[in-house]
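Any read-out appearing in this document is the output of simple, stated calculations on the displayed coordinates, not a laboratory observation. In this text the structure is predicted, and so the values were computed from the model without any measurement. Backbone-built Cβ (ideal geometry, glycine too); neighbour counts: all protein chains shown.
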Amino acid sequence: MLKVHFAPNSRAGRIIWLLEELSLSYEVNNMAFHPSDLKSDEHRKRHPLGRIPVLDDGDIRIYESGAIVEYVLERHKNGGLKPSSDDANYPDFLQWFHYCEGMVMPPINTIVVQTILLPPERRDETALGQAQRLLTKSLAPVDEALAGKEYLIGNFSAADIMLGHACFMSNRMGCIPDEMSNLKKYVENITNRPAFKIAIEMQ
């Protein structure tokens with residue numbers, strides 16, 4: 001049985017979403033998004049930095065959400081969520097799958113630090129504003145790529161689980177302007193998926 005170590009409002013939501021899309025059985029270790037849980041000795045044995053998600057699969061333990069997604073697709077069930085390497089959509093799949101952590105999540109991380117994690121007296125409005133502008137700028141190519149499409153490579157794929165989750169968060173943070181209409185519609189498409197609703201209801 002797959003076991004997901006999970007905390008709300010985190011990348012762990014991607015893993016629940018994936019497992020629901022693939023109709024795979026799993027159990028969840030619900031943790032608080034707080035150092036009392038994440039930095040505990042018990043959890044540091046799972047992840048040396050006390051982060052989530054972590055996936056247990058029997059004797060195998062793996063962390064990093066992108067690595068977990070790829071592991072599940074290869075070892076358990078593809079479900080059509082990853083095109084083959086000779087598929088015409090494969091290069092775009094790879095690009096958007098990794099664009100998430102490379103370009104979109106860094107400014108999101110800064111925004112979370114500056115609005116939630118730091119106490120008010122330590123927050124930096126300049127750093128926050130820079131991160132918000134950078135996030136919106138990093139989403140512009142995604143908006144352009146979605147012209148005439150419901151999902152990033154046409155059909156729903158694991159790239160949507162990675163980048164779509166980040167777009168959902170960006171929209172919730174108010175960093176997707178109304179003029180990015182393709183992206184606004186994309187977020188709506190994602191949030192209407194039953195598996196996504198289950199994953200987010202846990203948060």
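Only lysines eight or more places from LYS184 in sequence, or on another chain, were considered; those with a Cα closer than 19 Å are LYS137, LYS149, LYS197. Of all aspartates and glutamates in the structure, the ones whose alpha carbon falls short of 13 Å from that of LYS77, not counting any fewer than 8 places away in one chain, are GLU20, GLU21. Taking every pair of Cα atoms in the chain, average 1/r, invert it to obtain the Kirkwood radius, and report Rg/Rh to two decimals. Dividing the radius of gyration by the Kirkwood radius yields 0.96. Comparing mean-square fluctuations of ILE62, ILE176, ILE190 from a GNM of the chain with C-alpha springs under 10 Å, the top value falls on ILE62. What does the C-alpha gyration tensor say about the overall shape of the range 111-203? Classify as rounded when a/c is under 1.5, otherwise prolate if a/b is larger than b/c, or oblate. Oblate shape, in that a/c is at least 1.5 and b/c is the bigger or equal ratio. Using the rule -39500 (n - 2.57) for each DSSP H run of four or more residues, divided by the residues of the chain, the 222 nm mean residue ellipticity is -13500 deg cm²/dmol. Calculated translational diffusion coefficient of the range 2-79 (20 °C, 1.002 mPa s; Stokes-Einstein with Kirkwood radius over alpha-carbon pairs) equals 172 µm²/s.
Normalised by the number of residues in the range 36-104, what is the relative contact order in percent for Cα pairs under 8 Å and 6+ residues apart? The value is 14 percent.
Counting every alpha-carbon pair across the range 45-159, the share separated by more than 26 Å comes to 38%.
Per residue, the average separation of C-alpha pairs within less than 8 Å and at least 6 apart gives the range 90-193 a relative contact order of 32 percent. When only Cα pairs below 8 angstrom with a gap of at least 6 residues are kept, the range 2-79 shows a relative contact order of 34 percent.
Ordering MET162, MET1 from the fewest to the most neighbouring beta carbons within 10 Å gives MET1, MET162.
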